[in-house]
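Colleague: For reference, the structure I am asking about is given below.
Just so it is clear, none of the values below were taken in a lab; they were calculated from the coordinates. Keep in mind that this is a model prediction, so the values were computed, not measured. Because the Cβ atoms are built from the backbone with ideal geometry, glycine has one as well, and the counts that use them run over all protein chains shown.
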Ligand code: HEM
C-alpha cells in the first residue's frame, strides 16, 4: 500500500461533510469531477469504527470512471471490503454475504439466489406488491397528516422482503426494527446510550438467529419462499452453510430495505417540489412511470458509495494507484456528472437516456433487486399519485453518513384524497 500523495484539499472524509445536504456535497464533487477525477483522501471519520481508517483512499467521482472500475473486478476487487473503513472480518462475513466477495465464490452464491429475482419471478408477486401498496395508502388516508417515512416509505420494502424470505407476519416488526437499527447504528438517536458497535453486533446476532430459525423450519417443511429455496439449493454439490444463509438474510434485510425506502422519501420531496413533473406523471402515468422511476433512483442515489481495492498497480487518469489501495466509487457524484447527463441538476421524469449508476456501475455486483425495486416504486407512486394527488411534504430530516442517503423523518400533509 502506498502512503499516497498529500490529502486532497476538498475533504470528503469528515462527518460534517456527510451531514450536509446532497446539494452542498455536489458543489465539492463538481470541483473534483472537473479538476481532479481521482483524488487521495484521509481516512473517513467513522463513528462506528473509530480506528478503522487504514491509510486513506482514492475517490472516483466521474460517471465514466465509476462504470469502468465497476466493470473491472479483476483490478478492483470487492473481496477485501466494500465499505470505506476496514471492519473486523467476522463482522463483514456476518453481514455482507456475496456483496463483499469476488469470483468464483461470488458468482456461485449470486447464481444461487438470482432465480428469486428474475422479472418472471417478480411478476408472480406483482399483484401482492400492488395490493400491499394499496393497503399502505389506505392507512395513510385514514391516518391523515403524519411522518411519511414511518407510514409510507418504509412499509412496502419491508413487507416485500419479509414476504419473499418467508418471515412470519408476527416477526415482521422485530425484523424491521433490527434491520433499521443495523444501518443507522451510527446515529446517536438510534444507538441511545449504547456504543454503536454493540448495536451492530446485537442486530447482526438477532437477524442471524431469525434466519437460522427460519432455515430450520423450512428444512422441516418447505414453503414457496426464498428461504426454502436457499436451504434446498446446491452449488457444485455443496449446500449453503448456516453462516452463508445468515449473511445473505442480513444482506437482503439491508439492501432491499433502506434503498427503496429512501428512494420513495426523496421522490416524495422531489415531486412536491416540482408540481409540473408531478402533474405530468399523474396525467400520463402508464406512459411515463418507467422513465420516472429511473429518474427517481438517479435523483435519490440512496446508495452513495461503495469501495473496491486495487489488486495490482494501475493508473487512472495518469494517477498511480498501488496494489492494496482503497478506491471509493462516489455514485452520488457520478449521477450528477455533466458529461453523462443533460442538465443533471434538473429533476426530469422524462429523462432519456438516463444511464444512472444508482443500481451500480455495471459489472458482477450490479444490484440484484433492481427489477423488484422498480416494481415497488411503480406500485406505490401509482397509488399515491392517483389517490393522494396533492400530498405535501415538509422539511426532510436527513440521516448523516457516507453510505446511505437516508431520510429519517418527512412530515406530510395528506389534503384531499380519493
Ligand atoms: C432503489 C432501490 C435500490 C438501489 C438504489 C440499490 C442499489 C444497489 C447498489 C448500488 C448495489 C451495488 C452495485 C455494485 O457494487 O456494482 C446493490 C447491490 C445489491 N442489491 Fe440493490 N438496490 C436497490 C434495491 C434492492 C432490492 C429491493 C434488493 C433485494 C430485495 C436488492 C438487493 C441487492 C443485492 C443482493 C446486492 C448485491 C449484489 C452482488 O453483490 O452481486 N437491492 N444494490
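Colleague: Rounded to the nearest 0.05, what FRET efficiency is calculated for residue 236 and residue 350 with R0 set to 56 Å and r the Cβ-Cβ distance?
Modeller: Between residue 236 and residue 350 the formula returns 0.75.
Colleague: In nm, give the distance between the simple-model label positions of residue 15 and residue 224, each being 7 Å from the Cα along the Cα-to-Cβ direction.
Modeller: Placing both labels 7 Å beyond Cα along the Cβ direction yields 4.8 nm.
Colleague: Taking neighbour Cβ counts within 10 Å as the exposure measure, how do 118, 375 sort from fewest upward?
Modeller: Numbers: 118 12, 375 22.
With the sparsest Cβ surroundings first, the list reads 118, 375.
Colleague: Cut-off is 10 Å between beta-carbons; in what order do 213, 234 appear when sorted fewest neighbours first? Before the final figure, lay out the partial values.
Modeller: Working: 213 12, 234 9.
Ranked by crowding around the Cβ, least crowded first: 234, 213.
Colleague: Let me ask another. As a check on your grasp of the helix formula, calculate [θ] at 222 nm for the chain: sum -39500 (n - 2.57) over DSSP H runs of n ≥ 4, divide by the residue count, round to the nearest 500.
Modeller: Calculated at 222 nm, the ellipticity per residue is -15000 deg cm²/dmol.
Colleague: I would also like to ask the following. Given the options 220, 232, 300, which has the most mean-square fluctuation in a GNM of the chain, springs set between C-alpha atoms less than 10 angstrom apart?
Modeller: 220
Colleague: Cut-off is 10 Å between beta-carbons; in what order do 333, 228, 13 appear when sorted fewest neighbours first? Each step should come with its number before you reach the end.
Modeller: On the way: 333 28, 228 19, 13 22.
Final ranking by Cβ density, sparse to dense: 228, 13, 333.
Colleague: So if we plug the beta-carbon distance of residue 118 and residue 72 into 1/(1 + (r/R0)^6) with R0 = 35 Å, what FRET efficiency do we get, rounded to 0.05?
Modeller: On the way: r = 26 Å, r/R0 = 0.75.
Result of the calculation: an efficiency of 0.85.
Colleague: Report the full-extension gain for the segment residue 212 to residue 395: residue separation times 0.36 nm, less the Cα-Cα distance, to one decimal in nm. Provide the component values of the computation, followed by the final result.
Modeller: Values: separation 183, 0.36 × 183 = 65.88 nm, distance 4.06 nm.
Gain on extension, residue 212 to residue 395, equals 61.8 nm.
Colleague: How do the peptides 70-77, 188-195 rank, highest first, by the average count of neighbouring beta carbon atoms within 10 Å per residue?
Modeller: Final packing ranking: 70-77, 188-195.
Colleague: Once both labels are modelled 7 Å past Cα along the beta-carbon direction, what's the residue 283-residue 319 spacing in nm?
Modeller: In this crude spin-label approximation the distance works out to 4.5 nm.
Colleague: Sticking with the crude label model, points 7 Å out along Cα→Cβ, report the distance from residue 126 to residue 139 in nm, one decimal please.
Modeller: Between residue 126 and residue 139, the label points sit 2.5 nm apart.
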